[in-house]
1. Filter the range 48-75 down to the residues that are within 13 Å of Trp127 (Cα to Cα) and in a strand (DSSP E or B) and list them by number.
2. Can you tell me how many residues within the range 137-188 are hydroxyl-bearing (Ser, Thr, Tyr), surrounded by 22 or more Cβ atoms within 10 Å (Cβ to Cβ) and in a loop (DSSP other than H, G, I, E, B)?
3. Pairs please, first residue from the range 91-107 and of a type in the set (Asp, Glu), second anywhere and in a loop (DSSP other than H, G, I, E, B) and surrounded by fewer than 19 Cβ atoms within 10 Å (Cβ to Cβ), Cβ atoms under 6 Å, 6+ apart in sequence or on different chains.
4. Exactly one of these conditions fails for Phe116: (1) modelled with pLDDT under 95; (2) on the phi < 0 side of the Ramachandran plot. Give me its number.
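The values are calculated or read from the model by the stated rules, or taken from the named source; none is laboratory data. Note that the structure is a prediction, hence the values are computed from the model and not measured. Because the Cβ atoms are built from the backbone with ideal geometry, glycine has one as well, and the counts that use them run over all protein chains shown.
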Amino acid sequence: MKLIKMLTAASVAAFCSASAHALTIDVIEFTEASYKSNFGSGSKVFEGFETHGAARGEGEVSNGFSTSVGTFSTLGGVGSGDTVAGLPGNSGRMLALREGGVFGRENISPNGGSWFLDSNDTWGVNWDVALAGGKSFSKLMFAISDASDAGGFLRISAAGESYEIRNGRRLSDGNIRLVTIDFGAPTKSAAISLANYSKHGGEGAYLNDGFAIDGIQVAAVPLPPSILLLGGAVLGLGFVAHRRRRIAA
């Protein structure tokens, strides 16, 4: 049984280790062609907030809002823009589900859909990425609309790496960016921050500026055949060890 434990630990370590791989964040202008081709093929988990919107309707969501791609929380602050004032019962203290188009924020995917997750003019969004069943993932992609058009410098951060959507002039109202984060190796969890700052480089105070997130795709990673074979071998060793104990008895 000691051998079985050693093999199991070795297989998990070999599969989960990602220390030698660097995370990268890539941001480009959104087009339908780039959205469909940039991510490639393979097993994906999609979140477009359509199911949540249909079930809950428009309005604020509590921190730890659970989705198929993890949970979302506000970074803090109190929204003060037009979107906050325009939604009945909206305190501006939480993220919000919204429908259609709102001051440059809009549904991106799926085509024909209408819902998206809005930062609600707060300081930004914390996203704890995780898939159901503890599945591993290697890369994710999502669209951001209306970022950095009201003075904010939107900074995307994950695992010590960051990308600032603008570092100079303000972007146009309703702009859409396609963000791809490649973790370099399979991982089971990730913390991503999308924070608005008043200065370039994330050195200033947080700033209220609204943006929308939609069309999320996360690349689920199946267990490699070698790990599955090793798992079968471990189970076989366990059966043999159990049988020997029975014979010895």
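1. Passing the criteria: Phe65, Ser66, Thr67, Gly70, Thr71, Phe72, Ser73, Thr74.
2. First, pick out the residues of the range 137-188 that are hydroxyl-bearing (Ser, Thr, Tyr): 138, 145, 148, 157, 162-163, 172, 180, 187.
Restricting the remaining residues to those that are surrounded by 22 or more Cβ atoms within 10 Å (Cβ to Cβ) gives 145, 148.
Narrowing further to those that are in a loop (DSSP other than H, G, I, E, B): 148.
The qualifying residues number 1.
3. Glu99/Glu58; Glu99/Ser114
4. (1) is the only condition that Phe116 fails.
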